[in-house]
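What follows is a set of notes on a single structure, which appears directly below.
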Amino acid sequence: MRRCYVDHAVAVRTTLLCGAVNVGDDFNDRDMVTWAAAESRRLLLPIPKRWAHVSGVVRQAARVASTLPASERSWLVAATYLHDIGWAPVLIDTGFHPLDGARWLRAQGRERLAGLVAHHSGAEYEAELRGLAAELRDFTDEASDVSECLTYSDIKTGADGSCVTLDQRHADVVKRYGANDPVTLAMEHSLPSFRAIVRNVELRMEGRR
């Protein structure tokens with residue numbers, strides 16, 4: 001599998017180095033992205049496999065960010081840095097990482113990021129399976145182009161940070177978690193919507209070339 005890359009046109013305008021971010025003019029809120037990168041690195045770098053995945057998701061986000069209005073691009077990149085922050089051992093409470101991450105972000109005063117993290121990548125159905133649906137609904141699901149690009153970046157990145165197809169991602173989830181795990185069941189429930197997201201985002205990418 002090939003490594004995710006930053007589109008050259010994006011790379012010319014902004015340099016995104018995982019853990020050491022120099023955000024260019026394409027991103028309207030440099031402080032937010034820098035904060036998100038630093039916190040992600042601080043909390044997830046001790047989990048090498050998780051950090052590898054997050055780093056790959058950030059690279060995907062840099063590739064698709066130009067499909068968004070300039071005012072939204074920093075939100076996407078910050079959210080991708082933070083989407084798995086709930087896996088950090090010090091933040092684990094319910095054991096459901098979108099919810100644990102969202103609660104931590106709310107405590108930091110980052111409400112929009114909390115909503116994006118809470119609802120990324122089909123989290124709603126997994127929350128139902130875990131009996132945490134009401135708790136997740138405490139966070140706003142903005143169902144926006146930003147949230148769509150966040151999910152796209154996540155589901156198109158493998159556990160090791162490599163670029164993968166949706167089918168490859170699905171197969172890897174089944175292999176790692178087993179057929180009856182809530183993670184697998186939620187992904188399989190979400191596959192139709194994931195395929196629509198992949199189609200929508202890639203059509204937008206084609207349109208801006």
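Quick look at the values:
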read-out: Of all residues making up segment 164-181, the number that are surrounded by fewer than 18 Cβ atoms within 10 Å (Cβ to Cβ) and in contact (Cβ under 8 Å) with a residue 40 or more places away in the chain; value: 1
read-out: First in segment 31-45 and without any contact (Cβ under 8 Å) to a residue 40 or more places away in the chain and surrounded by fewer than 18 Cβ atoms within 10 Å (Cβ to Cβ), second anywhere and aromatic (F, W, Y) and assigned to a helix (DSSP H, G or I), Cβ under 6 Å, 6 or more apart; value: L45/W51
read-out: Any hit, segment 90-97, residues being part of a helix (DSSP H, G or I), at pLDDT 95 or above, over 14 Å from L150 (Cα atoms) and not aliphatic (A, V, I, L, M); value: yes
read-out: Checking S71 against (1) among the polar types (S, T, N, Q); (2) part of a helix (DSSP H, G or I); (3) within 23 Å of A186 (Cα to Cα), the condition it does not meet; value: (3)
read-out: Segment 36-68 - residue that is assigned to a helix (DSSP H, G or I), of a type in the set (A, V, I, L, M) and in contact with a Phe, Trp or Tyr (Cβ under 7 Å, 6 or more places away or on another chain) and, of those, farthest from M205 (Cα to Cα); value: L44
read-out: Test result for A114, in contact with a helix residue (DSSP H, G or I) (Cβ under 6 Å, 6 or more places away or on another chain) and either surrounded by fewer than 18 Cβ atoms within 10 Å (Cβ to Cβ) or more than 16 Å from R41 (Cβ to Cβ) (or both); value: yes
read-out: Qualifying positions in segment 74-89 - outside any helix (DSSP H, G or I) and within 20 Å of D141 (Cβ to Cβ); value: H83, D84
read-out: Check on S121, on the phi > 0 side of the Ramachandran plot and in contact (Cβ under 8 Å) with a residue 12 or more places away in the chain; value: yes
read-out: Residue check, E124 part of a helix (DSSP H, G or I), of a type in the set (D, E) and either in contact with a Ser or Thr (Cβ under 8 Å, 6 or more places away or on another chain) or modelled with pLDDT under 95 (or both); value: no
read-out: Top-ranked residue of segment 143-199 - restricted to ones that are among the polar types (S, T, N, Q) and within 15 Å of the chain's Cα centre (by Cα), ranked as farthest from G56 (Cα to Cα); value: S144
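The values are calculated or read from the model by the stated rules, or taken from the named source; none is laboratory data. All values reported here derive from a predicted model rather than from experimental measurement. Virtual Cβ from ideal backbone geometry, glycine too; neighbours counted across all protein chains shown.
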